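Heads up, the thing below is written out as structure tokens.
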Amino acid sequence: MAISNSEIAKIFRKISFLLEIDSSKEDIKTNRNANFKNRAYSRAADQIENLPVSIASIYKENGLSGLLQIPSIGKAISSKIEEYLNTGKIEYYEALKLKYPIEIEDFLALEGIGPKTLRAIIDTTPIKNLDDLEKLAKEEKLRKIPGFSQKKESNILNKIESYRKGGSRFLLGDIYPLVDQIEKYLTNQKNIVETIVVGSYRRMKETVGDIDFLVVTEHPVNVIESFIKMPQVKDVISQGTSKAFVKLNNGIDVDLLVVPQDSYGAASLYFTGSKEHGISLRRLAQARGYRLNEWGLFDNSTDSKLAGETESEIYGLLDLEWIPPEMRENHGEIELAKKGSMNWTEKVENLIDYADLKGDLQVHSNKTDGQMSIEEMAYFARTTFGLDYIAITDHTKSLSITGGLDEQQLLNQVTEIQEINDKIKSGDFFVEENIPKGRKSIQNLDLINGKNPKNSNIKNDKDFRILVAAEVNILKDGSLDISNNVLDKLDVVGAAIHSSFTLSEDIQTKRLIDAARNPSVDIIFHPTGRIINKREGYPVNISKLLSVALETNTIVEVDAHYNRLDIRDEYIRMAIENGVKLVIDSDAHHPIHYAFLKFGISQARRGWAERKDILNTLSVVDLLKNLK
DNA sequence: GCCGTTTTCGGCCCGACTGTTTTCAGTCG
């Protein structure tokens with residue numbers, strides 16, 4: 001099994017933490033580098049974690065000089081990576097662990113207790129893990145350490161408790177309704193001029209650790225008071241005059257930031273992040289003799305405020321174009337956004353937008369594991385989400401748990417869908433008396449309806465079209481479970497892996513490549529098979545798959561279901577840089593799932609995809625021309 | 001330990017909140 005980037009990143013994070021434990025106050029006074037070495041390791045960890053390609057393969061192909069190309073990786077760190085790839089060990093790290101024999105994972109993720117606090121504790125009582133620390137606190141021994149108190153001791157117990165309860169990040173799609181609730185609550189408060197959600201939520205990251213709100217007001221104290229009194233609030237973590245942090249009953253942390261109007265842009269820039277994007281901006285400011293913080297952009301020599309009300313004016317004074325939030329990850333967007341860059345203007349103007357999709361090419365019906373009929377799925381696709389076409393992609397026979405269709409059933413589906421399409425064309429389909437019974441069950445989801453732009457570019461409902469399709473199973477040996485002469489009767493064929501997840505990377509890649517080479521297969525569905533926070537997905541050499549996709553004119557899917565988002569943002573960027581075409585599909589098993597399309601679009605924006613890269617921005621006629 | 005529009009030495013993002021102390025260190029985002 002190849003060594004993963006996150007495995008190496010984790011080690012560097014631990015080295016960074018141990019170095020912080022190691023550097024006492026005296027060290028920092030005498031050795032000015034002591035405080036920066038740990039940051040270097042932590043920056044390297046960030047870099048490695050965000051790398052789209054495997055660091056093991058970089059080393060395999062280009063050796064040490066390949067590693068040195070990576071920003072924040074220099075001589076010392078690259079040779080430690082080399083050592084780890086070759087021996088599975090880093091001596092430097094082993095020595096640090098020997099000096100501080102603690103279970104670092106326990107303390108790395110523990111909020112509120114950092115390396116200095118930990119050092120003070122282990123200098124007094126050698127502890128190894130969280131259990132030891134908890135015991136110490138319960139025995140009231142922590143309060144005896146200089147600089148500690150009874151209050152600090154009980155705080156530490158609280159932190160341990162909430163650490164044990166909570167943990168992982170939340171899926172973007174799961175917290176969407178909650179964010180809406182809080183947004184409405186804040187908007188209804190007196191004195192609030194403006195409310196926006198910032199943080200990783202605004203960047204539409206697939207998971208978020210907490211929810212950040214930014215509010216414009218001239219009455220910060222009142223606003224913070226009403227924020228901490230929200231019904232969902234369980235604990236107030238901290239509360240000041242410009243920000244407050246709370247924990248909700250369901251375990252999510254919510255941060256509120258309060259600024260006056262003339263700091264709105266600076267604050268939204270600062271708290272939308274990402275952290276690395278912000279750091280880069282502040283470095284640019286620094287190089288110009290400016291200082292950038294959440295209150296504004298200031299000239300250091302005169303201490304006067306140069307900008308603050310809008311993001312654009314701040315970017316502008318740093319000689320940058322405005323950068324869409326989804327792209328703010330410090331993955332090269334700042335270099336590209338330099339003023340006067342034609343490429344950038346074109347890129348941002350053509351970036352796939354939330355109203356750009358005309359159709360959805362992965363939709364399931366109750367013929368297999370969907371919850372509604374083909375007619376109902378079509379009805380809502382048109383009337384609620386304004387789509388121009390959908391492809392009905394029910395599962396096929398080897399996926400027996402869903403009652404997958406066999407050859408004959410697929411052929412029947414061709415006839416059945418033809419009949420519905422005829423009805424649509426005659427004008428007898430999208431009419432009052434034809435409103436499906438299931439209408440009610442989705443009516444209470446105003447939230448989703450309200451937030452989905454209608455996408456249609458066709459004038460007449462009669463032009464809506466259902467495509468006959470299937471989500472065909474890729475078998476263990478790379479063949480399909482439906483014969484090509486039947487698949488050729490369908491408008492669209494998607495192929496996907498649903499079994500044998502534990503095979504090796506070589507075999508999984510071969511299965512997908514074989515499917516891509518099959519002349520009947522138009523699209524590879526959810527190519528990596530991951531379920532976010534639940535399973536990693538099977539191992540795939542994505543660059544090999546992409547090069548075969550390009551060669552065979554096979555489309556790669558961005559599955560927009562928020563628990564899949566497959567392929568992920570970095571792979572989307574790889575795909576479009578290589579000229580591979582993509583589609584964004586909801587994978588709907590119920591009409592409300594069409595709302596997931598927006599998560600696929602945001603993922604594509606995070607991968608810098610333009611309209612031209614996403615084939616279901618085309619009309620149905622043009623789309624069909626682009627298939628095999 | 002990394003890095004370079006102040007370029008091979010001497011910098012390294014910036015401010016709010018907490019707790020303990022009374023001017024600041026630690027932690028976080």
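The values are calculated or read from the model by the stated rules, or taken from the named source; none is laboratory data. The shown structure was predicted, so the numbers you read here are calculated from the model rather than taken from an experiment. Here the Cβ positions follow ideal geometry from the backbone for every residue, glycine too, while neighbour counts run over all protein chains shown.
Quick look at the values:
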item	result
Qualifying residue in the range A:73-84 (condition: farther than 30 Å from residue A:571 by Cβ and surrounded by fewer than 15 Cβ atoms within 10 Å (Cβ to Cβ))	yes
Single match in A:489, A:476 (criterion: outside any strand (DSSP E or B) and touching a helix residue (DSSP H, G or I) at 6+ places or on another chain (Cβ under 6 Å))	A:489
Test: residue in the range A:615-625 that is under 30 Å from residue A:175 (Cβ atoms) and either in a strand (DSSP E or B) or within 23 Å of the chain's Cα centre (by Cα) (or both)	yes
Near pairs, Cβ below 6 angstrom, 6+ apart or cross-chain, from the range A:96-119 (closer than 18 Å to residue A:161 by Cβ and of a type in the set (Lys, Arg)) to any residue that is in a helix (DSSP H, G or I) and more than 14 Å from DNA strand B (Cβ to nearest atom)	none
Some residue of the range A:582-603 being surrounded by fewer than 23 Cβ atoms within 10 Å (Cβ to Cβ) and at pLDDT 95 or above	no
The listed residue being within 29 Å of residue A:333 (Cα to Cα), away from DNA strand B (no atom under 16 Å from the Cβ) and of a type in the set (Gly, Ala, Ser), out of A:173, A:199, A:209	A:173
Some residue of the range A:259-279 being farther than 25 Å from residue A:338 by Cβ and near DNA strand B (Cβ under 8 Å from one of its atoms)	no
Leading residue by the ranking (nearest to DNA strand B (Cβ to nearest atom)) among those in the range A:19-34 that are modelled with pLDDT of 80 or more and either in a helix (DSSP H, G or I) or under 20 Å from residue A:6 (Cβ atoms) (or both)	A:20
Those residues of the range A:53-87 which are among the β-branched types (Val, Ile, Thr) and either near DNA strand B (Cβ under 8 Å from one of its atoms) or assigned to a helix (DSSP H, G or I) (or both), in sequence order	A:55, A:58, A:70, A:73, A:77, A:81, A:87
Which numbered condition residue A:186 fails, given (1) outside any strand (DSSP E or B); (2) over 29 Å from residue A:592 (Cβ atoms)	(2)
Residues being more than 17 Å from the chain's Cα centre (by Cα) and not in a helix (DSSP H, G or I) - total across the range A:531-587	15
Subset of the range A:91-137 (residues that are closer than 20 Å to residue A:153 by Cβ and either polar (S, T, N, Q) or touching a Lys or Arg at 6+ places or on another chain (Cβ under 7 Å) (or both))	A:102, A:110, A:111, A:112, A:113, A:117, A:124, A:125, A:129
Cross-chain or 6+ apart pairs with Cβ under 6 Å, the range A:239-251 first and farther than 22 Å from residue A:261 by Cβ and hydrophobic (A, V, I, L, M, F, W, C), then within 7 Å of DNA strand B (Cβ to nearest atom) and at pLDDT 90 or above	A:245/A:238; A:245/A:255
Helices (runs of 4 or more DSSP H) (entirely within the range A:235-353) containing at least 3 residues that are of a type in the set (Ser, Thr, Tyr) and within 24 Å of the chain's Cα centre (by Cα)	A:264-272
First in the range A:45-73 and without any contact (Cβ under 8 Å) to a residue 12 or more places away in the chain, second anywhere and in a helix (DSSP H, G or I), Cβ under 7 Å, 6 or more apart	A:66/A:58; A:66/A:59; A:68/A:78
Some residue of the range A:422-430 being modelled with pLDDT of 90 or more, out of contact with any helix residue (DSSP H, G or I) (no Cβ under 8 Å at 6 or more places or on another chain) and surrounded by fewer than 22 Cβ atoms within 10 Å (Cβ to Cβ)	yes
Residue count, the range A:216-225 (criterion: buried (at least 17 other Cβ atoms within 10 Å of the Cβ) and away from DNA strand B (no atom under 13 Å from the Cβ))	2
Filter result for residue A:140 (of a type in the set (Asp, Glu) and buried (at least 18 other Cβ atoms within 10 Å of the Cβ))	no
Sole residue being closer than 22 Å to residue A:213 by Cβ, touching a residue at least 12 places away in the same chain (Cβ under 8 Å), of a type in the set (Val, Ile, Thr) and surrounded by fewer than 17 Cβ atoms within 10 Å (Cβ to Cβ), chosen from A:272, A:310	A:310
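Let's see how each residue does on (1) among the hydroxyl-bearing types (Ser, Thr, Tyr); (2) under 24 Å from residue A:318 (Cβ atoms); (3) touching a Phe, Trp or Tyr at 6+ places or on another chain (Cβ under 7 Å):
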residue: A:228; (1), (2), (3): no, no, no
residue: A:235; (1), (2), (3): no, no, no
residue: A:241; (1), (2), (3): yes, no, no
residue: A:250; (1), (2), (3): no, no, no
residue: A:271; (1), (2), (3): no, yes, no
residue: A:276; (1), (2), (3): no, yes, no
residue: A:285; (1), (2), (3): no, yes, no
residue: A:291; (1), (2), (3): no, yes, yes
residue: A:295; (1), (2), (3): no, yes, no
